[in-house]
Amino acid sequence: MPDFADIPARLYCIYIIAGGAAIVYDGEYPPAFESMKSHTVFFDHAFLPEGWRKNVRITVSGDRIAAVETEAAPAVGERVAGIALPGMPNVHCHSFQRAMAGLAERRGPANDSFWTWREIMYRFLDRLTPDDVEAITAFAYMEMLERGFTAVGEFHYLHHAPDGSPYADLGEMAARIVGGARQTGIGLTMLPSFYRYGTFGGAPAHPGQRRYLNSPDRFNALVARTREIAAADPSINVGIAPH
Ligand SMILES: [Zn+2]
């Protein structure tokens with residue numbers, strides 16, 4: 001049996017297949033999770049590092065899995081219907097797109113394509129404020145947690161105001177993505193995306209892309225600012241995503 005003491009509980013999402021819901025624990029508990037700080041659950045089957053095991057009792061204490069017992073017996077109220085699986089990462093997310101679901105997914109003319117979908121996306125994102133982005137992000141991440149995704153890589157390119165000018169804080173939108181993650185407890189890797197051209201060959205950017213665009217210098221400043229924003233929370237990492 002491996003030593004689970006150093007595994008953040010967030011990395012072991014307890015995924016309840018039957019109900020389609022998940023119980024996820026993280027280092028800092030959103031208020032709604034306070035009552036889950038110390039918790040024991042029992043599963044008939046769990047997928048552990050050494051494989052499938054039966055009659056598994058998992059004790060979570062604070063933000064850690066404190067104990068995993070196999071061939072255990074459940075105490076009253078501990079048994080959860082379904083199976084336990086490790087939490088999964090969503091390695092490619094643009095959270096704001098969650099709120100345009102349904103706008104483009106319908107039968108269209110024969111020339112309907114990714115490019116026509118993209119036109120709808122541009123019209124949609126033209127209206128999004130920082131408050132909108134934070135709310136949509138929190139909602140999308142909550143849904144990921146409910147389905148067993150416990151970490152997300154956010155390919156973040158919606159950086160600037162609708163007219164393409166930077167916000168007073170260059171990292172305004174990055175802070176809103178981080179805010180959405182912190183509301184939900186999901187693990188976040190921020191991946192600021194660098195956009196400069198419309199397509200290969202140095203083509204000019206599409207007008208709908210003006211909120212994405214940066215010079216290399218401003219992109220460097222944006223990455224530095226994103227690192228500052230993320231520094232307060234050890235569960236948030238920062239990378240980059242050239243696009
Ligand atoms: Zn993408």
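Any read-out appearing in this document is the output of simple, stated calculations on the displayed coordinates, not a laboratory observation. Please read all numbers here as calculations on a predicted model, not as lab measurements. Don't worry about glycine lacking a Cβ; one is built from the backbone with ideal geometry, like all the others, and counts go over all protein chains shown.
Each Lys and Arg Cβ is given +1 and each Asp and Glu Cβ -1; about its Cα centre, the stretch 66-157 then shows a dipole of about 400 debye.
The string of couplings for the stretch 50-61 from the Karplus curve (6.51, -1.76, 1.60, θ = phi - 60°) is 8, x, 5, 9, 9, 6, 9, 10, 10, 10, 10, 10 Hz, one whole number per residue in order, with x for Gly and Pro.
Rounded to whole numbers, the Karplus 3J(HN,Hα) couplings from phi for the stretch 146-156 are 5, 9, x, 8, 10, 8, 9, x, 9, 6, 9 Hz, using 6.51 cos²θ - 1.76 cosθ + 1.60 with θ = phi - 60°, and x at Gly and Pro. With each label modelled as a point 7 angstrom along the Cα→C-beta vector, the Y167-W115 pair spans 3.3 nm. For the stretch 136-200, the share of alpha carbon pairs falling in successive 10 Å distance bins from zero is 21, 45, 26, 8 percent.
Close amide-amide hydrogen proximity is noted between A161 and Y167, each under 5 Å apart and 5 or more residues distant or on a separate chain (H modeled in the peptide plane; Pro and chain starts excluded). Taken about its Cα centre, the stretch 100-146 carries a charge dipole of about 320 debye when Lys and Arg each add +1 at the Cβ and Asp and Glu each add -1 at the Cβ. Between M88 and E50, the modelled label-to-label distance comes to 2.6 nm, taking each label 7 Å out from Cα in the direction of the beta carbon. Charges on Cβ only, +1 for Lys and Arg, -1 for Asp and Glu, centred on the Cα centroid of the stretch 63-199; of I83, G180, Y157, which one is farthest towards the dipole's positive end? Farthest along the dipole direction, towards plus: Y157.
By the beta-carbon count within 10 Å of each Cβ, the least crowded to most crowded order of W117, W52, fewest first, is W52, W117. Annotation: amide H of N90 within the under-5 Å range of T150, A151, V152, G153, sequence separation 5 or more or interchain, hydrogens built in the peptide plane. Using the Karplus relation 6.51 cos²θ - 1.76 cosθ + 1.60 with θ = phi - 60°, the per-residue 3J(HN,Hα) values for the stretch 197-206 come to 10, x, 6, 4, x, x, 5, x, 5, 5 Hz, with x marking Gly and Pro.
Fewest neighbouring Cβ atoms within 10 Å first, the residues M100, M190 line up as M100, M190.
Amide H to amide H, with H built 1.01 Å from N, V238 comes under 5 Å of M190, counting only residues 5 or more places away or on other chains. For GluC sites (Glu not before Pro), the sites in the stretch 74-164 that DSSP calls loop and that have at most 11 other Cβ atoms within 10 Å are E105.
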